[in-house]
Amino acid sequence: MTKEEYVRGIFDTIAHRYDLLNTLLSFNCDRGWRRFTVARTGLKPGDRALDVCCGTGMLSLELARAVTPGGRVVGVDFSPAMLQVARRRLAASPYGAAVELVEGNAMNLPFADNTFDCATIAFGLRNLPDVKGGLAEMQRVVRPGGRVVSLELAKPSRPIFKQVYYLYFDHLVPLLGRLGIGQDGPYSYLPRSLKGYPHQEEVLQYFHDLGFTGARYFELTGGIVAVHVGVKV
């Protein structure tokens, strides 16, 4: 089984509880993280945005808020179950009409070059089989002068806080996830996926290697997440 097939299976399994568990496991910080991310996009009414690995559509709706009136958001994800939840969320939101959902692969986006004013990805980059390749594909579909913005789990460096965080992440997150969805496995993947994911400084280097200008990152909530931003030349 490829990593892609494994990850798709995980998200199809947890889709029905994904948002609730994210809010609980992040101590309700996830909403603020998404709003901070959208603030870094530079989007304005009338713009076109792409939300890669859009999942249940929560970031897509925040982007829609930024581009309305007159703008458009396309959310793309490879998990049918996650997109099904997203469709229900869009139907209940006043911004849902501005969002189009597409089933597709982040490593081979079904869009032409230079299509969007910005491309975002939230908690999806570490799940890709090739992080740098995924960033390059997002870069391809963004117009020159547009931005690529990633919100992702990070590796905090502050002593004591770092140890407490990893204790929580390695032991309590899988336990709470198991209680939430009634089975082992999916939320045990979360700590493993973070350990195999590059440090935020290395991800920044990917942005530099790909030729983004003004590339930088912001650490939030003690460095447990990072928002990376780069402008396409």
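Counting only Cα atoms, the stretch 49-119 measures 30, 27, 13 Å along its principal axes, largest extent leading. In a fully extended conformation the segment linking Ala97 and Val233 would gain 45.8 nm over its present Cα-Cα distance, using 0.36 nm per residue. Using the 1.4 Å probe convention, the accessible area of the chain works out to 44 Å² per residue with neighbouring protein chains retained. Remark on the chain: hydrodynamic radius 17.7 angstrom, per the Kirkwood mean of 1/r across alpha carbon pairs. Once you sort the root eigenvalues of the Cα gyration tensor of the stretch 1-109 as a ≥ b ≥ c, which label holds: rounded (a/c under 1.5), prolate (a/b larger than b/c) or oblate (the other case)? It comes out prolate by the Cα gyration axes. Taking a ≥ b ≥ c as the square roots of the eigenvalues of the alpha carbon gyration tensor, the stretch 44-89 is prolate, as a/c is not under 1.5 and a/b beats b/c.
From the alpha carbon centroid of the stretch 82-99 to that of the stretch 188-212 is 29 Å.
For the chain, modelled as a GNM whose springs connect Cα atoms under 10 angstrom apart, the maximal fluctuation among Phe212, Phe123, Phe27 occurs at Phe27. Multiplying each eigenvalue of the alpha-carbon gyration tensor of the stretch 43-170 by 5 and taking the square root yields semi-axes of 26, 18, 15 Å, largest first, rounded to whole angstroms. Here the extension length gained between Asn108 and Met1 equals 36.6 nm, from 0.36 nm per residue of separation less the Cα-Cα distance.
Listed by chain and number, the lysines whose alpha-carbon sits under 17 Å from that of Lys162, ignoring those within fewer than 8 places in the same chain, are Lys195.
The values are calculated or read from the model by the stated rules, or taken from the named source; none is laboratory data. Model, not experiment: these values are computed from the prediction. Areas reflect the complete protein model, heavy atoms only, side chains present, ligands, DNA and RNA absent. Shrake-Rupley method; radii C 1.70, N 1.55, O 1.52, S 1.80 Å.
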